[in-house]
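Readers should treat all values here as calculations from the given coordinates under stated rules, not as data from a laboratory. This one's a predicted model, so the numbers in the text were calculated from it and none came from an experiment. Cβ: placed from backbone, ideal geometry, glycine included. Neighbour counts: every protein chain shown.
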């Protein structure tokens, strides 16, 4: 379901300053996640199934660390780099994506 800003604000409201921007809060959605610490392929197999690989195996460019992996995100139809220490999140549609540890700590808490 697509939701436009106009659904929440008057269609006649003019935004003239950054402080006028509509504000939104993330809905409380439970997700599943693991933190990739390197080395443990069994953990990746259990969480990601066949949707992960070593970064070098799919020609991933960027910071190369032999422990970096990639996860396949079917919604974006691309491989996403997961450095050691990053979280791998399974989203509400089953998609996998990496999350920086600082962003994860600011956004999520254990349930």
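Quick notes
- A crude spin-label estimate for the pair residue 30 and residue 76, with each label 7 Å from Cα along the Cβ direction, gives 2.6 nm.
- Sorted peptide list for 93-105, 20-32, criterion being average Cβ within 10 angstrom, highest first: 93-105, 20-32
- Bins of 10 Å, starting at 0 and running to the largest distance - Cα pair percent for region 22-111: 16, 50, 27, 6, 1
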